[in-house]
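Below you'll find the structure, written out as structure tokens, and then a few comments.
The values are calculated or read from the model by the stated rules, or taken from the named source; none is laboratory data. This one's a predicted model, so the numbers in the text were calculated from it and none came from an experiment. A quick note on method: Cβ atoms are made from the backbone with ideal geometry, for glycine too, and the neighbour counts reach across all protein chains shown. Only protein heavy atoms, including side chains, enter the accessible area calculation; ligands, DNA and RNA are left aside. Shrake-Rupley method; radii C 1.70, N 1.55, O 1.52, S 1.80 Å.
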Amino acid sequence: ASGNHLSVDLKCFEGLECLESLKQIDDLPEIILIDLKMNGIVGNELIKEIQVEYPQIKYVVISSF
């Protein structure tokens with residue numbers, strides 16, 4: 001439908017970077033794409049943190065496993 005749009009507001013390559021970035025932005029994303037394989041904390045751990053700190057954010061898990 002017209003009026004709907006998709007924008008990439010934030011791009012992170014590590015789990016901790018994602019958590020720190022979320023703390024610094026005012027307009028939280030509606031959806032986060034999370035790879036299970038990443039540097040630092042792995043995707044499963046990032047999901048747990050997001051569920052606790054930002055339960056309103058939905059997430060989609062992707063992986064190259």
Qualifying residues in region 30-44 (those that are in a strand (DSSP E or B) and surrounded by fewer than 11 Cβ atoms within 10 Å (Cβ to Cβ)) - the one modelled with the lowest pLDDT: Asn39
Residue match in region 45-63 (condition: loosely packed, with under 14 Cβ neighbours inside 10 Å and in contact with a Phe, Trp or Tyr (Cβ under 7 Å, 6 or more places away or on another chain)): no
Any hit, region 6-18, residues being open to solvent by 70 Å² or more (accessible area, probe 1.4 Å), at pLDDT below 85 and of a type in the set (Ser, Thr, Tyr): no
Lone unmet requirement of (1) open to solvent by 80 Å² or more (accessible area, probe 1.4 Å); (2) without any contact (Cβ under 8 Å) to a residue 12 or more places away in the chain for Ser21: (1)
Some residue of region 7-27 being part of a loop (DSSP other than H, G, I, E, B), over 11 Å from the mean Cα position of the chain (by Cα) and at positive phi: no
